[in-house]
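FYI, it's all coordinate maths here, none of it is from the lab. Everything numeric in this text was worked out from a predicted model, so none of it was measured. Note that each Cβ is placed from the backbone with ideal geometry, even for glycine, and that neighbours are counted across all protein chains shown.
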Amino acid sequence: MYGKKGLAIVKVQNPVECREVQYCVFQVQDILVYLVYRSPNAAQESLGELVEMVRTVRRDCLVAGDFNLPDIDWPTGEASRRTAPFLEAVEDSMLEQLVTFPTQVRGNILDLVLTNIPERVGEVREGGRLGQSDHEMILLTVSCGVERVVVKEVRNWRRANWEEMREQLGRVDWKRAMRGKTAGQMWTFLKGKIHGAVRKSVSMKKVRNGGRTAWMNKELMAAIRRKKRLWRAAKEGGSMEDYKEEEKRVKRLIRNAKRDLENKLAERTDGNKKPLYTYVKKKTKSRTTVGPLLDDNKKTLTDDKEMAEELNRFFSSVFTREGSGEVPDVEFPKDAPVMERIWITKNAARKKD
């Protein structure tokens, strides 16, 4: 397992002891990641180990790897008698399988991505083959980190009473009010009048920062709650078909909600690009950072203080210090227009104040 340098990854003790299945568990921010490999020649006991491991997963988990179980039809939810216990364990743990394309040259889906947070997985796609492998690499993007929900009050500009503000500011005798004031005093007076008009004519509203994706809506939330109710009912002897139908409906609603939001952001005509930039920033997981750096001795620097000192040394070495003498005269063409000298005095400046 390779991890990007600087990313906080914590090794977690494996919850189940396995002999036929190789796997490891890592905590990446708020998500628990299971990386799994089961050999195609593994003994039958390996399926029991997989079942036991899957039943240990908790909230916010991602289970990915090469399971080598070609006799499971994930789109229809059908499996052979041999692999049926594993499929049942996946369903019991409320895990969703996200790989929909063949991952092996024979057309089988052998590499899986199982998760109980599918709404936080943005994309799952082929990544090509590595070396002589007959498997496709799987590339996926996952939203990590819990955003702190903050409730704050802001001005509701959409319901602002613009006519009332115009009337308030129009009743001010600006010429008389500004007479005899300095520039700073005039600015303070203007700002106070505008803020007063805003307080009177623009109401406040409460907004929440974080805690919910931008494409989430009431219909989708209701569908997700209904899917959970149907799952609980199915486990108590109810209809599994009803649950699977609702699960398909939730997936369709999520796709449509994401597409509608992106179309809405792309088609905005009011000139406000901030919502688009905010959405793109949340979708972009790479962040520009400084370093690592190489010093003159080809030593790799990763410590923040060492990199700051190296940057300071480099920029100091290329800094140009100008002489303290008089500025040299510039030679102008003979036919160049000449600007007359301008004299500025204190009294003239005070008169213009």
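Numbers at a glance
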| quantity | calculated |
| --- | --- |
| Length added when fully stretched, Q29-N156, from 0.36 nm per residue minus Cα-Cα | 42.2 nm |
| Alpha carbon centroid spacing (whole Å) that separates the stretch 188-243 from the stretch 45-108 | 33 Å |
| Stokes-Einstein D (µm²/s) once Rh is taken as the Kirkwood radius of the stretch 73-143 over alpha-carbon pairs, at 25 °C in 0.890 mPa s | 185 µm²/s |
| Too-long pairs where the Cα-Cα distance tops 31 Å, listed order kept, from K248/K281; K228/K258; K175/K206 | K175/K206 |
| Selected from F332, F101, F319 as most flexible by GNM, with the chain as the system and alpha-carbon contacts under 10 Å | F332 |
| Dimensionless Rg over Rh [the stretch 218-283; C-alpha; Kirkwood] | 1.21 |
| R0 of 41 Å, Cβ-Cβ distance V12-K299: FRET efficiency to nearest 0.05 | 0.75 |
| Antiparallel bridge percentage (DSSP; both residues within the stretch 32-116; nearest 5) | 60 percent |
| Scattering profile of the chain at q = 0.15 Å⁻¹ [log10 I(q)/I(0), Debye over alpha-carbon scatterers] | -1.37 |
| Gain upon complete extension [Q22, R82; 0.36 nm per residue less C-alpha separation] | 19.6 nm |
| Directionally averaged shadow of the stretch 103-248, computed from the convex hull of its alpha-carbon atoms, nm² | 17.9 nm² |
| Percent of Cα-Cα distances greater than 18 Å, calculated over the stretch 150-206 | 44 percent |
| The stretch 189-328: C-alpha gyration tensor shape, a/c 1.5 cut-off, then a/b vs b/c | oblate |
| Cα-only radius of gyration and Dmax that characterise the stretch 9-142, units Å | 14.1, 38 |
| Computed over the chain: relative contact order in percent, which uses C-alpha pairs under 8 Å that are six or more apart | 9 percent |
| Charge dipole (debye, nearest 20) of the stretch 181-340; +1 at Cβ of Lys and Arg, -1 at Cβ of Asp and Glu | 2360 debye |
| Computed helical MRE - 222 nm, the chain, DSSP H runs ≥ 4 contributing -39500 (n - 2.57), nearest 500 | -11500 deg cm²/dmol |
| Additional length obtainable on full extension of the chain from E52 to A177, 0.36 nm per residue less Cα span | 37.0 nm |
